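What follows is a short report on a single structure.
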Amino acid sequence: MAEVLEEVAEKYGPAAGAIAADFYDELREDAKASGRFAPAVAALPEAERFKSLAGWGAGPLFGAEPDSALALSRMSGGLSRIVQNVGRDTITDAVVSDPAGPTYARHASANACAFCAMLATRGPVYAPGNATRVTGERLGGTDYRKMRRTGISREQILAGSRAKTVAQGGRKGRATSQALGEKYHDDCHCTVVPVFPGQTYREAPYVKKWRDAYAGSPSNDTKDILSSMREQLGTN
């Protein structure tokens with residue numbers, strides 16, 4: 001089974017990466033980004049990843065009541081993530097390497113889970129520190145309430161905090177290892193959208209209701225935010 005999963009990934013993963021690279025090139029050209037840069041298609045994971053997926057996915061077949069539907073769901077969901085991650089990684093790797101200095105946004109589908117919705121509310125704030133570290137400029141619930149009440153923009157709120165470095169406690173520039181923006185779940189439909197200097201990111205109209213739900217959270221703790229958003233949005 002591991003060999004079959006790897007064979008399917010080898011067929012569709014590079015195709016996903018090639019499409020992502022073309023997408024990146026088109027946006028870079030539209031933005032008239034400085035310098036020359038060509039994104040490279042990201043690599044598939046090692047064979048061990050497919051062995052792990054096959055073992056976990058086949059687990060329901062060996063229980064007291066074998067469940068073939070669950071086994072299929074596990075393996076197809078995990079395989080989908082691996083294939084789509086080639087495209088996603090192609091873009092995030094390019095963002096890290098591109099001398100033009102782009103950032104990226106997390107675009108989620110209208111029926112996204114609370115976790116993906118939360119990340120989509122942040123816009124194109126994910127920027128590379130190095131290949132495995134990304135800093136996201138975060139807005140908390142109080143910030144969103146202020147935006148809604150006064151009409152102040154995201155950029156105006158962030159401007160004051162950028163004067164402080166992360167080491168000085170600048171709360172809008174927390175660095176995280178393996179950024180939240182790079183985490184995906186099985187059957188996740190999120191995509192990565194690069195945004196270049198001078199470009200305006202146009203988020204989907206349904207993100208507004210997610211931002212309102214984010215603003216309704218009782219605290220700025222991620223777990224509290226997700227719990228509150230799940231309750232308000234009626235999603236998982």
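The values are calculated or read from the model by the stated rules, or taken from the named source; none is laboratory data. Keep in mind that this is a model prediction, so the values were computed, not measured. Cβ sites come from the backbone with ideal geometry, for glycine too, and all protein chains shown count toward neighbours.
What number of residues within region 1-20 satisfy the criterion of being surrounded by 20 or more Cβ atoms within 10 Å (Cβ to Cβ) and out of contact with any Asp or Glu (no Cβ under 9 Å at 6 or more places or on another chain)? Please lay out each step first, then the result.
Filtering region 1-20 down to residues surrounded by 20 or more Cβ atoms within 10 Å (Cβ to Cβ) leaves 5-6, 9, 13, 16-17, 20.
Of the ones still in play, those that are also out of contact with any Asp or Glu (no Cβ under 9 Å at 6 or more places or on another chain) are 5-6, 9, 13, 16.
Result for region 1-20: 5.
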Tally, over region 26-50, of residues that are touching a Pro at 6+ places or on another chain (Cβ under 8 Å), exposed (fewer than 15 other Cβ atoms within 10 Å of the Cβ) and either among the basic types (K, R) or not in a loop (DSSP other than H, G, I, E, B) (or both): 0
First in region 211-223 and assigned by TED's automatic domain parsing to the domain that holds A117, second anywhere and hydroxyl-bearing (S, T, Y) and part of a loop (DSSP other than H, G, I, E, B), Cβ under 8 Å, 6 or more apart: R211/T121; Y214/T121
Any hit, region 67-85, residues being farther than 30 Å from G234 by Cα and either under 19 Å from the mean Cα position of the chain (by Cα) or surrounded by fewer than 19 Cβ atoms within 10 Å (Cβ to Cβ) (or both): no
Top-ranked residue of region 1-38 - restricted to ones that are touching a strand residue (DSSP E or B) at 6+ places or on another chain (Cβ under 9 Å) and not hydroxyl-bearing (S, T, Y), ranked as nearest to T191 (Cα to Cα): A20
Among (1) modelled with pLDDT under 90; (2) out of contact with any helix residue (DSSP H, G or I) (no Cβ under 6 Å at 6 or more places or on another chain); (3) not aliphatic (A, V, I, L, M) - the single one Y201 does not satisfy: (1)
Search result, residues across region 75-89 that are closer than 13 Å to F50 by Cβ and of a type in the set (D, E, K, R): R81
